[in-house]
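Note sheet for the following structure.
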Amino acid sequence: MSEPKGDIGLIGLAVMGQNLVLNAADHGYEVVVFNRTVSKVDHFLANEAKGKSIIGAHSIEELVKNLKRPRRIILLVKAGQAVDDFIALLEPHLEKGDIIIDGGNSHFPDTIRRYEDLKTRGLLFVGSGVSGGEEGARHGPSLMPGGHPDAWPHIKAIFQDIAAKTDGEPCCDWVGPSGSGHFVKMVHNGIEYGDMQLIAEAYDILKRGLGLSDKEMGDVFTKWNKGVLDSYLIEITRDILYYNDDDGKPLVEKILDAAGQKGTGKWTVAAALDYGVPVTLIGEAVFSRTLSSIKDERVRASKILTGPKPAFSGDKQQFIDDLEQALYASKIISYTQGFMLIREAGKVHEWEFNNAGLGLMWRGGCIIRSVFLGDITKAYQKNPQLESLLFDDFFHAAIDKAQPSWRRIIGLGAELGIPTPAFATALAWYDGYRSDRLPANLIQAQRDYFGAHTFKVLDEFVSQKYPKEGGIHTNWTGRGGNTSASTYNA
Ligand code: 6PG
């Protein structure tokens, strides 16, 4: 048997898989492909892959036999059981040091499990975020690989060759061990949900608040895409608003207002709840999708419930400029929250994240790519230990400048009866985050009153009666005779 020629294998010839294969072939790599429906291999070879350095395999064994050692195999299959099934099919044909890369949107706990399991048998598992959709897969995705560190030297060249480039730099670097790559991809998707929700709320305000046509809103997004909001999602929103159906009417206004979700945003919020991180904007974005999905109930509610009729009569241009600043400020809060989650996950899992590196990976190729991410990268390059994006001079100044507009927009949204949950939670979070005193003292008193859950006192009130250690319970009603505070080991 002649020496195997394949540089990398790929299983899963759906559109993303095909595009990633074509991208790798364009960069001079010999790619061996397999698909559960084998006829898809032949169809791909006879069409899109014709004349390219792509070898078709009609079995897992044939795929493996055609790969150089250490073998590198990318799985682009549906997250969940299919990944475990293909790992089980591959393993008998692999040898120690071979590499399996899951490029799907797998849930990071699954990636941790697979990484730990395969490691015991000498196989190197990588969970890689792949972002940018079909276009990204074909011409340059953002890639976020993490897992067994021994794998990285063997996949670095191909990953960085096929990745998107920004200022000549690949939007791909090693994220860290275990499930860290898929964790970061999950946070990317959560932030994506937040960006999309903010844009949707801006669209709603422009439409229902100012009564702009889709063409006029497209003009607004065209202008915004030349400023601080310059980004892929603003750009595609511009295109969507300009897009007319065959009857000359904007297609977007014909689309059912019920948002789908595959789950990565929900996972982000679940992780935030688990790690105790107030990621409120992504939370609102997920709940807004679920609120939108109860369309029939909302239609019934709209016939029963009353509220203000949106009719703005002020300076429209000022409103639009305020809206741009409010969106920008809310976006800063969302990314601040996202990086707080990454920080906490790093502590929980002992993963060391390079935030500037993450900013670079997200600067191009992915769905949240933007000029804004360049500013985030600079902030973390300036101070890798930055506790919060809001403590960076650039973002601190940006928020200060945006505040008046931000507050006006949220007030107007409430007056006009237009829901702005993401804008509003961003400002509420900001006002909470910058408060050195919050009303949680009353909550502690209530908890102790009805449940004797105990409380602590501020340092200035620590005394023999109110010791620093342990929990303090007060007999709030005086019933039962004992009126003094008692201390419990919390
Ligand atoms: C990406 C996207 C992609 C995701 C779609 C659909 O980074 O290319 O995030 O991974 O699957 O956005 O996600 P939802 O159905 O959850 O919106």
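The values are calculated or read from the model by the stated rules, or taken from the named source; none is laboratory data. The shown structure was predicted, so the numbers you read here are calculated from the model rather than taken from an experiment. We place every Cβ from the backbone using ideal geometry, glycine too, and count neighbours over all the protein chains shown. Just the protein is used for accessible areas: all its heavy atoms, side chains included, with ligands, DNA and RNA removed. Shrake-Rupley method; radii C 1.70, N 1.55, O 1.52, S 1.80 Å.
Computed values, structure above
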item: Two-decimal Rg/Rh across segment 25-168, once Rg and the Kirkwood Rh are taken from alpha-carbon atoms; result: 0.94
item: Span-like helix ranges in the chain, DSSP H, alpha carbon extent 30 angstrom or more, Kyte mean at least -0.5; result: 180-204, 316-349, 393-416
item: Segment 424-477 versus segment 302-380: alpha-carbon centroid distance in Å; result: 31 Å
item: P(r) tail fraction, the chain - alpha-carbon pairs more than 34 Å apart, %; result: 46 percent
item: Area accessible to solvent at Ser435, 1.4 Å probe radius, in Å²; result: 50 Å²
item: Mean accessible surface per residue for segment 296-341, computed with a 1.4 Å probe while every protein chain stays in place, in Å²; result: 50 Å²
item: Accessible area of Thr264 in the full protein assembly, 1.4 Å probe (Å², nearest 10); result: 10 Å²
item: Average accessible surface area per residue within segment 1-133, 1.4 Å rolling probe, Å²; result: 41 Å²
item: Rounded accessible area of Arg114 (nearest 10 Å², 1.4 Å probe); result: 10 Å²
item: Order by protection proxy (mean Cβ within 10 Å, highest first), peptides 338-349, 318-329; result: 318-329, 338-349
item: Residue-normalised accessible area of segment 168-279, expressed per residue, 1.4 Å probe, Å²; result: 42 Å²
item: Helical mean residue ellipticity (222 nm; -39500 (n - 2.57) per DSSP H run of 4+; nearest 500) of the chain; result: -16500 deg cm²/dmol
item: Kirkwood Rh, Cα atoms: Rg over Rh of segment 377-422; result: 1.19
item: Cα centroid separation - segment 113-156 against segment 24-47, whole Å; result: 20 Å
item: Accessible carbon and sulfur surface of the chain relative to its total accessible area, %, 1.4 Å; result: 54 percent
item: Neighbourhood charge, 12 Å Cβ-Cβ cut-off, centred on Ile199 and excluding it, Lys, Arg +1 and Asp, Glu -1; result: -4
